[in-house]
Amino acid sequence: MTEHLAALQVVIPLICAPLCMLVRYRDWSWIVALFGSWSCLVISWLLLQQVMTGGIISYHMGDWAPPLGIEYRVDTVNAFVLLIVSAIGAVVTPYARESVRAEFGVNRVYLFYTSYMLCFCGLLGVTITGDAFNLFVFLEISSLSSYVLIAMGKDRRALTAAYQYLVLGTIGATFIVIGIGLLFAETGTLNMADLAERLADKPLSRTIGAAFGFLVVGISLKLALFPLHLWLPNAYTYAPSVVSAFLAATATKVAVYVLLRFLFTIFDVKLSFGVMPLDSILLVLAVIAMFAASAVAIFQPNLKRMLAYSSVAQIGYMILGISFANVNGVAAGILHLFNHALMKGGMFLALGCFFYRIASVNLDDMAGIGRRMPWTMAAFVVGGLGLIGVPLTVGFISKWYLVLGAFERGWWFAAALVLLCSLLAVVYIWRVVEVAYLKPAPENAPDIEDAPPSMLIPTWILIGASIYYGINTDLTVGAAKLAAQQLLGAG
Amino acid sequence: MAAVGLYNYWIVVFLMMAGFYIVIAHDNLVKKIVGLNVFQASVFVMYITFGKIQGGTAPIIAEGITTYSNPLPHVLILTAIVVGVATTALGLALVVRINEAYGTIEEDEIHVQDEES
């Protein structure tokens, strides 16, 4: 049983998806999804333990030996990302029950769980696979199902947002296929470990250079790196609350992982950052993303859109860490991937609670909400403190390592910019706090209770984790550093 | 005669740019999907082309034959075609829903309606 864990990680949600479709009745399909996401969490936890003690796991699909067969390869980096994705899935599914029932037509609930499980399966597959073409197939499974999930939003603008995402996402995926194809033409293999070995022996040819360019641009589209982020704000704003929370916490994170995998494992660090001037390109784009997106977030009347722009800025931090190309910097990128998933996932879930009660996430409707829904608003504020990077929250830990990485690289100005950009986060979080706590509720406001426990508890699990891992950093920093060392080839 | 030998790759580049241009330049949502299809098709042609080995035959073991074409790109492209079909189907389904919701499939008119609401 234990030797098949790597396959089960993907197979379980893949089987759960059609099951959700077949049972049709909404609570049953919810139970199937709950089973799928929780068993995936257990599996990813076991995998991480195995990798930490026993080293890299290599699973041969159908017993075909790599490089001919498809290999699932788990090392510290993707074991950590698997844990993030499945943990978010396991927290979001219980929350989904009430929220989905309120936001979807009763008859469409099972369709939500079907596409949700497919998306979950795709994201886990992208993370676990050791085969470049397999990665593309899983990427498309997760993308296609996320277009469907976004289009399920009630507002008709959800449809145009999903369409825009479909067009840009397909262009990104096609760029990735072109890149993989060119690598295949050059080396004759698709297995990632094998690709890395064969590329190391070859001098830089125009084919490899073109493959590198296509891959970087394609993956950057998927992870919404400025200026390729245009699909993200609308998609997150008009998607159903559960979907925004799930995608914000997982989809872009998995794309960041893919970027790490290609830059550091398949191409060499020397090629990515030595021959190609990618470090300075990423540095500039990341800094613009941090400032431009944070500045735009300040002026958004819709809180979901505000958080979406803030996501673009936070992705900037992750890419900034990667652009340092040293252990502290890359570790900060990976750490922030985990930490941001907790904070942003929790904050989007809190917005879902507001939407459940007052059917709006506009700042104007939030007056006095801090007293009307105290627990939900408190969760939102604690998450916001994390985004700012206040000590004792996870945001502080990632920024700490980011600054360390910047000094190690000798880019002290980047460290200064990180701190400066945190001030912008203070502004957009404070706007919400001011309206929610200091403004009186309108006279005719109906009496509302706080969100139901089945929604509040998952929200607080994520927010609580964002505090816990801000104080106890053994697991996260340890795993992130080990992962960074593996990627950079120093460990 | 290198330029002629690379005939297929010229086609690939032309199709890729044409498809990409349609996606960017057209306002009609269905035309955008068609452009996306042309764009994807160019990649299929590229994969098939570099699977061909000069003088190679179909990859079935037979006496007296030593050179075979590589069958792997064909298999990969079968998968990519399936993905492309799924994307097209989903894209067109979205266009149908957009048409129901807005009464138009022209992007500029949709923008105008969104501005008003």
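The values are calculated or read from the model by the stated rules, or taken from the named source; none is laboratory data. All figures in this text were calculated on a predicted structure; none of them were measured in a lab. Note that each Cβ is placed from the backbone with ideal geometry, even for glycine, and that neighbours are counted across all protein chains shown. SASA here: full protein model, heavy atoms, side chains in, ligands and nucleic acids out. Shrake-Rupley method; radii C 1.70, N 1.55, O 1.52, S 1.80 Å.
In Å², what does the accessible area per residue of the range A:445-489 work out to with a 1.4 Å probe?
Values: 2070 Å² over 45 residues.
Here the residues of the range A:445-489 average 46 Å² of exposed surface.
So how many Å³ per residue does the convex hull of the Cα atoms of chain A work out to?
Details: hull volume 62.1 nm³, N = 491.
It is 127 Å³ per residue.
Counting only residues 5 or more places away or on other chains, whose amide H sits under 5 Å from the amide H of residue B:28 once H atoms are built in the peptide plane?
Distant-sequence amide H within range of residue B:28: B:107.
Which whole-angstrom value gives the distance between the alpha carbon centres of the range A:390-409 and the range A:42-67?
Here the two parts' Cα centres lie 31 Å apart.
Taking only C-alpha pairs under 8 Å that are 6+ residues apart, what is the relative contact order of chain A in percent? All intermediate terms of the calculation are to be shown ahead of the outcome.
Numbers: 858 pairs, mean separation 72.7, N = 491.
The normalised contact order for chain A reaches 15 percent.
Relative contact order (percent) for the range A:277-491, with alpha-carbon contacts under 8 angstrom and 6 or more residues of separation?
Details: 324 pairs, mean separation 60.6, N = 215.
The normalised contact order for the range A:277-491 reaches 28 percent.
Using only DSSP helix segments of four residues or longer, with each worth -39500 (n - 2.57), what per-residue ellipticity at 222 nm results for the protein assembly as shown after dividing by its residue count and rounding to 500?
Numbers: 25 runs with 451 residues, N = 608.
Rounded to the nearest 500, it is -25000 deg cm²/dmol.
So how strong a dipole does the protein assembly as shown carry about its Cα centre when Lys and Arg Cβ are +1 and Asp and Glu Cβ are -1, to the nearest 20 debye?
Dipole magnitude for the protein assembly as shown comes out near 340 debye.
Taking H placed 1.01 Å from N in the peptide plane, check which residues at least 5 places from residue B:70 or on another chain put their amide H under 5 Å from its amide H.
B:53
Based on DSSP loop calls and a cut-off of at most 14 other Cβ atoms within 10 Å, the longest stretch of chain A free of exposed trypsin sites (Lys or Arg not before Pro) is what? Show your work: numbers first, answer last.
Details: sites that count: A:24, A:154.
Formally, the longest exposed-site-free interval is A:155-491.
Residues of the range B:2-116: accessible area per residue at 1.4 Å, in Å²? Can you show the working numbers first?
Working: 6660 Å² over 115 residues.
Ligands and nucleic acids excluded, the result is 58 Å² per residue.
At the nearest 100 Å², what buried accessible area, both sides summed, do you get for A and B when the probe is 1.4 Å? Can you show the working numbers first?
Numbers: alone 18170 and 8310 Å², together 23670 Å².
Counting both chains, the buried surface is close to 2800 Å².
Percent relative contact order of the range B:2-116, based on C-alpha pairs within less than 8 angstrom and at least six residues apart? It would help to have the intermediate numbers written out before the result.
Working: 109 pairs, mean separation 27.5, N = 115.
Result for the range B:2-116 is 24 percent.
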